[in-house]
Each structure stands twice: as C-alpha cells, then as structure tokens.
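In what follows, a single structure is set out as structure tokens and then discussed.
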Amino acid sequence: MTARIGVVTFPGSLDDRDSRRAIRLAGAEPVALWHKDKDLKQVDAVVLCGGFSYGDYLRAGAIARFSPVMDTVIDQARAGLPVLGICNGFQILTEAHLLPGAMLGNDHLHFICRDQKLRVENADTAWTTDYSAGQEIHIPLKNMDGRYVADEYTLDKLEAEGRVAFRYVDFNPNGSLRDIAGITNEAGNVVGLMPHPEHAVEPLIGTGRTDGLPFFTSILKKLVNA
C-alpha cells in the first residue's frame, strides 16, 4: 500500500502544492487537508507547509495553531504521527507547543530570500534518515519571521539531547540563536525548519539541486518499513 502524506492548507498558505509535488516525486501519495476539517483522512504523516497563514496576524502561526485541523494534528503527533513543519509550519509547531521555543522577526527587519547552506545535525529523525550527520546541503530560504529563540535552559537541553536537526552554515540569515535552522521533538517524529526542502527536489527549480528530496524519501522509507 502506498504511503499517504497529508499537506494542510490554511488561508494564506503558499507552498501546499509544492509540498504535494515533492511528496509525489518521492513516491508517496499526497493528500490535501483543509484547515477547517478535523479529519486527517487516515494519512500516515502530515506536512504543515510554508506561507503566511492568516496573514501572520498577531504572530506568525498564532491563529493557524487554533484551526480545527490542528486539534487532531496535535493529538496524533503526541501519539507518534510524523509531522514536518516548513517555515510557517515550523512557526505553527512552536505556537502549538509541539516544538519548544518561538519564532521572531528577522534581526535585520527585512524579508530574506536566498539559497542557504545548512548542516545536518541529526540524521535519526523520521524526516532525516536519508541524510548523514554532518552533511552540508543547500535549501532555499524565504521568511520575515525566521529568527529562532528560546531561553538558555531550552537551548542547552536541545543541544544536549541532539535535538538541533539543522544549523545554518557560513551565514546566519535571520539571527537565530546558535545558528539553529531546525529542531525535532524528543521522539523524533516532529521536525520543524525554516528553509524550504520542497523547493529543492528537482534540478530545474530552486537551487538547481535535489538536496531537499531526502526529507520526503526519509519519511516514505520509515512508513514503508514500519
């Protein structure tokens, strides 16, 4: 049976179609999920895509966190459902307290869009097993509120437990503390990052590389081998 991976669309989502295409290219079946629908349609994993849900009013992700679909996502994520939050999806995951910390405005106060070098710090999560720890990859980045922050205790805990999944290399594009680009929860089933792997899955788009595709092949292999 083909693995089914849901992609949630909120008002203001931009990259839901791109995420579904990346899932299809990896060999899984993408399933469109609507923010008002609590039914996840029996998917095996969920992607919270990038964009500007609800126009980023209040805070980026703050309103989307209370969408009906998130009640089910939160419950099932805590029960082990793999969830990937990309950019705005990462912001939603922090607002939903599935991941610690918060996302603030970029330290330079400007929107940024660039190809970004990352280092894979944790290749053992549900979404990163097709990478190697220490591997450097190039993934497109585009955000206004991409600065990851947390208190020192939380940052030290993330470092000690190996829960920093990705780190910015050579250039910190938004002032994220400790160059953190992405993190994971304790169980490794929930991952959030600011860069956009769905834009790096084909040679003709994004960076011209396929460095983002292993996110989607990683979860496919986990689901198939489960």
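The values are calculated or read from the model by the stated rules, or taken from the named source; none is laboratory data. Small disclaimer: the values here were computed from a predicted structure and weren't measured. Quick reminder, even Gly has a Cβ in these numbers, built from the backbone with ideal geometry, and neighbours come from all protein chains shown. SASA here: full protein model, heavy atoms, side chains in, ligands and nucleic acids out. Shrake-Rupley method; radii C 1.70, N 1.55, O 1.52, S 1.80 Å.
Given a 1.4 Å probe and every protein chain left where it sits, what share in percent of the accessible area of the chain is carbon and sulfur? Don't skip to the end; give the middle numbers.
Working: 4850 of 9550 Å².
Carbon and sulfur: 51 percent of the exposed surface of the chain.
So if I place +1 on the C-beta of Lys and Arg and -1 on the C-beta of Asp and Glu, and nothing else carries charge, what would the dipole magnitude of the range 4-225 be about its Cα centre? I want it in debye, nearest 20.
On the way: 23 positive and 29 negative charges, 97 e Å.
Magnitude of the dipole: close to 460 debye.
Work out, step by step, the length gained on full extension between residue 225 and residue 14: first 0.36 nm times the residue separation, then minus their alpha carbon distance; give nm to one decimal.
Values: separation 211, 0.36 × 211 = 75.96 nm, distance 3.14 nm.
Going from the current span to full extension adds 72.8 nm.
In 10 Å bins starting at zero, report the fraction of Cα pairs in the range 67-126 per bin as a rounded %.
Once binned at 10 Å, the Cα pair distances of the range 67-126 give 17, 44, 29, 10.
Excluding ligands, DNA and RNA, what is the solvent-accessible area per residue of the range 73-133 at a probe of 1.4 Å, expressed in Å²? Could the numbers behind the result be given before it?
On the way: 2440 Å² over 61 residues.
Per-residue accessible area for the range 73-133 comes out at 40 Å².
With just the Cα atoms of the chain, tell me how far they stretch along each of the three principal axes, in Å, largest first.
Taking max minus min along each principal axis of the Cα atoms, the chain gives 44, 36, 35 Å.
Which three semi-axes in whole Å describe the equivalent ellipsoid of the range 1-87, each the square root of 5 times a Cα gyration tensor eigenvalue, listed largest first? Intermediate values should be presented prior to the final figure.
Numbers: eigenvalues 84, 47, 19 Å².
Calculated on Cα positions only, the semi-axes equal 21, 15, 10 Å.
Which residue, 205, 92, 183, has the most motion in a Gaussian network model of the chain that connects Cα atoms within less than 10 Å?
Ranking 205, 92, 183 by mean-square fluctuation puts 205 first.
In nm, to one decimal, how far is the residue 149 label point from the residue 113 one, both placed 7 Å along Cα→Cβ?
2.6
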